[in-house]
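Read-outs: derived from the displayed coordinates by stated rules, not from any lab. Predicted, not measured: the structure shown is a model, and the values here were computed from it. Using ideal geometry, Cβ is built from the backbone for each residue, glycine included, and neighbour counts are taken over all protein chains shown.
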Amino acid sequence: MELKFNFFPAGDNGIILQLGENISKEINGKIRRIVYWINESKDEFKEVIEVVPTYTTILIIYDPLQSSYGQLVRKLQAVGKLGRGQQLPPARIIHVPVVYGGDFGPDLAFVAEHNNLSEAEVIQLHKSEKYLIYMIGFTPGFPYLGGMRKEIATPRLKVPREKISAGAVGIAGNQTGIYPIESPGGWQLIGRTPLDLFNPYREPAVLFQAGDYIKFVEITRDEYIRIEDEVKQGTYHLKMSY
Amino acid sequence: MSNIKIIKAGLLTTLQDKGRFGFQQYGIPVAGAMDQYSLQLANLLVGNEVDNTALEFTLMGPTIQFEDNLTFAITGGEFQPTLNGKSIKMYQTIYAKKGDELAFSTVLNGCRGYLAIEGGFGVERIMGSQSTYLRGGFGGFEGRKLRSGDLIPLGKPTSGRSLGIRRIPKDMIPEYKSERVIRVIMGPEDNRFSKEGIETFLREEYHLSNQLDRMGYRLEGKKIQHLDGADIISGGINFGAIQVPGEGKPIIMMADHQTTGGYTKIANVISVDLPYLAQMKPEDKVTFKAITVEEAQGFFRRQVEGIRDLEKRFKENTEQTSSNEIRGRKKFNIIVNGKSYYVSVEERQ
């Protein structure tokens, strides 16, 4: 199947490929295909320095000494015509252990009340879905997730918190997400994961990549302490399914 | 391994190299030197690879004591360097002795200086780079700006031979001005602005506000009009991208820029003009001029070729110097007109 895209210069060493105008699984799938075939054909794309997939576009940073803008665009179009990259490896579903509520999720009660649900129902709805990672950005390792149930959508805090711990799981509008590093923020916090989403001294530094899915798995406090310890020791094995 | 000791840190002094590439897809900024051109020249002068690590300092230079003999060079803004209180030249190779103290005075022109040392720095490479990413708190020296008392480990000088005195030719030394035309390539989202908005952007003068950091420069000036709102679905950002948020004032994304953002990008500064922008100060004025991608890539190619030619010339000279190195001395006693002279002769290769 042919892949069509618009392209725009992003300076003299960047190209933006635009695959669509709205956030959808279909467009994300196309983006994943293009990123996959660029990464798989490194010999053919020697000028490509790095590729940044986002919701509807891909930013390609390249070396203009090896390819001019026109040359790289023609190359990308030719490969798009062939519709390559259709055989993608299956997406990973990464299990993210979470303790819901209590002081780890101080806004769980508010989210429940706002949506006329019990806390248990909010947890059930939150952990029942798998969430597609559309892109990673904003801060190192922050996954932009899609697919949250409308029944638990809750507006952001009116006054943002000055400090949110790394690993906090929250809801903002109809999105859910995880804070990879300690930062200020206005998300409604419903739980926390002991996973270390970003660690510059670890290989890989970031646990997820765009195109993966996340599944939240409810754990107890005892399990949290055990996993947190394993993460610190570097002995924790990320659980995933396909 | 030897160190340099930071006596005074200056305003914002960090270790920076070319930058950290390949991790923007994980939300990790590139960082690296704000002025990549000065970084490369400094490294050339001390015989390093051009993208090696240098000390980048901002508006106020540091005071540094060398704990060993070493070879260094300073490029970038005109910081009036001194070695043990004596004025020294920028843009040339300098040899220092153990205990020497390097200091800087007020910056006359420009904003950032670069100090390269032969052999580079002996700090850990994180995700392929020694660049400091301040917000993330990693890279460089302990992931932070330098403080007085810090001992910064040096790398190992590779050559073990004298480089001679390398000098950057005058025509390759940039001139920093407080008013400048900055060339840009329009896009990627210039189609989200009205015709009037584009005209405003390319005609009006903008001045740099005091909100300038390694992440981005906020500019003040006439409001740039959008067609239909300033927000887009978040997309990737390149170094030099000019975002225009709803209030209509441009923000230029610099070395530590976040990887993605949701504001419309009207244009992107070209690679060879980014170093000039990196050397500008609050209140400095810019006007933007649109050129084509092909023109910009031509300028970039010529700049790289210029640097490569210079590197080649330097290397050839060094080889000549070292082939001229003295192999031995001989002393002769000769008699001229009845008088006896002792003459020492140096033998070269």
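Summary table below
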item: Ordering of A:202-210, B:278-286 by burial proxy (mean other Cβ atoms within 10 Å per residue, highest first); result: B:278-286, A:202-210
item: Summed residue charge, Cβ within 14 Å of residue A:218's Cβ, Lys/Arg positive, Asp/Glu negative; result: 0
item: Where Rh is the Kirkwood radius over Cα pairs, Rg/Rh for the protein assembly as shown; result: 1.04
item: Formal net charge of residues neighbouring residue B:6 (Cβ-Cβ distance under 11 Å; K, R +1; D, E -1); result: +3
item: Set of lysines near residue A:75 by C-alpha distance (under 16 Å), chain-local residues within fewer than 8 positions excluded; result: A:4, A:42, A:46
item: Ranked by how many other beta carbons lie within 10 Å on average, peptides B:130-137, A:229-236 from highest; result: B:130-137, A:229-236
item: Partner lysines for residue A:130 [C-alpha distance under 17 Å; skip if fewer than 8 residues away on the same chain]; result: A:25, A:150, A:215, A:239
item: Modelled FRET efficiency - R0 22 Å, residue B:231 with residue A:24, Cβ distances, 0.05 increments; result: 0.75
item: Chain B, helix-only ellipticity at 222 nm - DSSP H runs n ≥ 4, -39,500 (n - 2.57), divided by all residues, nearest 500; result: -5000 deg cm²/dmol
item: Cβ charges +1 (Lys, Arg) and -1 (Asp, Glu), total dipole of the range A:6-81, debye; result: 280 debye
item: Residue among B:109, B:317, B:52 with the largest mean-square fluctuation in a Gaussian network model of chain B, springs linking Cα atoms under 10 Å; result: B:317
item: Residue A:230-residue A:42 pseudo-label distance in nm [points 7 Å out on the Cα-to-Cβ vector]; result: 3.1 nm
item: Set of aspartates and glutamates near residue A:127 by C-alpha distance (under 15 Å), chain-local residues within fewer than 8 positions excluded; result: A:119, A:151, A:218
item: Modelled FRET efficiency - R0 45 Å, residue A:156 with residue B:195, Cβ distances, 0.05 increments; result: 0.80
item: Calculated on alpha-carbon atoms, Rg and Dmax of the range B:69-193 in Å; result: 18.2, 59
item: Histogram of C-alpha separations across chain B, 20 Å bin width, %; result: 28, 50, 16, 4, 1
item: Mean shadow area of the range A:6-81, taken as a quarter of the surface of its Cα convex hull (nm²); result: 4.5 nm²
item: Simple spin-label estimate for residue A:223 and residue B:222 in nanometres, 7 Å along Cα-Cβ; result: 6.3 nm
item: Percent RCO, i.e. relative contact order, over the range B:1-88, from Cα pairs under 8 Å lying at least 6 residues apart; result: 39 percent
item: Whole-Hz couplings from phi, Karplus 6.51/-1.76/1.60, listed for the range B:315-320; x for Gly and Pro; result: 5, 4, 4, 4, 4, 4
item: Local net charge near residue A:103, Cβ-Cβ under 12 Å (Lys/Arg +1, Asp/Glu -1); result: +1
item: Average partner coverage of B:302-315, which counts Cβ from other chains inside 10 Å; result: 0
item: Rg(Cα)/(2.2 N^0.38 Å) for the range A:93-241, N = residue count; result: 0.97
item: Within chain A, helix-based [θ] at 222 nm, where runs of 4 or more DSSP H residues each add -39,500 (n - 2.57), nearest 500; result: -7500 deg cm²/dmol
item: Paramagnetic reach from residue B:209 in the range B:231-264 [backbone N under 14 Å; point 7 Å along Cα→Cβ]; result: B:243-253
item: Peptide ranges B:112-123, A:109-120 listed from the most packed, as the mean C-beta count within 10 angstrom indicates; result: B:112-123, A:109-120
item: Under-21-angstrom lysine pairs by C-alpha in the range B:172-323, whenever the two are 8 or more apart or on separate chains; result: 24
item: Whole-Hz ³J(HN,Hα) from phi, Karplus 6.51 cos²θ - 1.76 cosθ + 1.60, for the range A:99-115, glycine and proline x; result: 8, 8, x, x, 6, 7, x, x, 9, 4, 4, 5, 4, 5, 4, 4, 9
item: Euclidean distance between Cα centres, the range A:58-76 to the range A:3-57, Å; result: 11 Å
item: ³J(HN,Hα), Karplus 6.51/-1.76/1.60, whole Hz, each residue of the range B:259-274, x for Gly, Pro; result: 6, 9, x, x, 9, 5, 10, 6, 6, 9, 4, 6, 4, 6, 9, 4
item: FRET efficiency, 1/(1 + (r/R0)^6) with R0 30 Å, evaluated for residue B:172 and residue A:74 via beta carbons; result: 0.30
